[in-house]
Amino acid sequence: MLKLRIGRFSYSNLFPIFYMLDREADCSLYEFIEGVPSELNRKIRQGEIDVSPSSSIEYLRNQDLYDLIPNHSISSRGPVGSIFLFSKRPIEALDGLTVLTTSQSETSVALLRIILTKFYDISCRLMPTAEPISTALRSHEAYLLIGDDALTEALKWPKLHIYDLGDLWYKNTGLPSVFALWIVRRLCCSDRPGLVERFRTDLDLAKDRALRDLSSVAAASPLRHILTLEELVAYWKGISFDFGDEHRQGLDLFGGYARQLGLI
């Protein structure tokens, strides 16, 4: 029997879900393939994996390829805690400048473009880079970071302006920011419907158990030596792992803005 190939990234935002999947599910049925979000987007698009937590914009750009796994996302109603624009100057003063962006994300870069254009009416050149922030900010005014890099770097730059993109979106729309969705290639759904349904059940159970016991999850986190257990639990409580009507409204608004700006 072919295993279900599942994309997996190592960021702490989904650590609770994968931690419980490893503990509670029969993972002999699954092959986990690691990569940063932009890599997982490419791999599921090209059929190298079957299921993945992938950037929202990947789903919006290729809806004919995918089905959503219901009730799952990485979202926030307000600050998300790990998608930050680090800036030497107030965001309003970035007009006409180049802003560096991580090469690991696609939704966050599109969201930054929307925020700058629609909410602040400013135009910036967004340029991807793999440089560390300490090097990049010697020559540029601002840098977008995501994931654990953003979490840890936010502790090191008290003199910078640090903007949480989830917070900026929520303040201007009143809707959740939907950063990632769990998606399945439609061909896989037709080829191995039983296995896909089994994973959906396992994912539901993993989310439920993780959210019931975040303290135990925090004690096993790779970041437990950098952040306190209380800080990790607070971080995860700021994330919405669900996908309901409000999330759909937020995703639809994001998609509408992205189409207006030619990002989809």
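The values are calculated or read from the model by the stated rules, or taken from the named source; none is laboratory data. These numbers were taken from a predicted model, which means no experiment stands behind them. Quick reminder, even Gly has a Cβ in these numbers, built from the backbone with ideal geometry, and neighbours come from all protein chains shown.
Side notes on the structure shown:
- Scanning the stretch 189-229 for residues that are without any contact (Cβ under 8 Å) to a residue 60 or more places away in the chain and within 15 Å of Asp242 (Cβ to Cβ) yields Asp208, Arg212.
- The residues on offer are Glu106, Glu39, and the sole one that is at pLDDT below 95, charged (D, E, K, R) and farther than 25 Å from Ser123 by Cβ is Glu39.
- Any hit, the stretch 158-174, residues being modelled with pLDDT under 95 and not assigned by TED's automatic domain parsing to the domain that holds Ile49: yes
- Filtered residues of the stretch 104-161 (kept if among the β-branched types (Val, Ile, Thr) and within 30 Å of Asn62 (Cα to Cα)): Thr107, Val109, Ile114, Ile115, Thr117, Ile122, Thr129, Ile146
- Residue count for the stretch 65-94 satisfying the condition of being out of contact with any Ser or Thr (no Cβ under 7 Å at 6 or more places or on another chain), of a type outside the set (Gly, Ala, Ser) and within 19 Å of Lys156 (Cα to Cα): 7.
- Filter result for the condition that a residue is crowded, with 19+ Cβ neighbours inside 10 Å, closer than 25 Å to Leu137 by Cα, assigned by TED's automatic domain parsing to the domain that holds His140 and at pLDDT 95 or above, over Arg89, Arg113: Arg113
- Counting the residues of the stretch 156-209 that are of a type in the set (Val, Ile, Thr), crowded, with 19+ Cβ neighbours inside 10 Å and over 27 Å from Ala258 (Cβ atoms) gives 1.
- Check on Ser123, on the phi < 0 side of the Ramachandran plot, small (Gly, Ala, Ser) and either surrounded by 12 or more Cβ atoms within 10 Å (Cβ to Cβ) or in the same structural domain as Asp242 (by TED's automatic domain parsing) (or both): yes
- For the stretch 37-56, a tally of residues being of a type outside the set (S, T, N, Q), in contact with a Phe, Trp or Tyr (Cβ under 7 Å, 6 or more places away or on another chain) and closer than 14 Å to Glu106 by Cα returns 3.
- Restricting attention to the stretch 225-247, the residues that are surrounded by 15 or more Cβ atoms within 10 Å (Cβ to Cβ) and more than 16 Å from the chain's Cα centre (by Cα) total 6.
- Helices (runs of 4 or more DSSP H) within the stretch 178-264 that include 3 or more residues more than 21 Å from Leu40 (Cα to Cα): 193-212, 214-220, 229-237, 245-260
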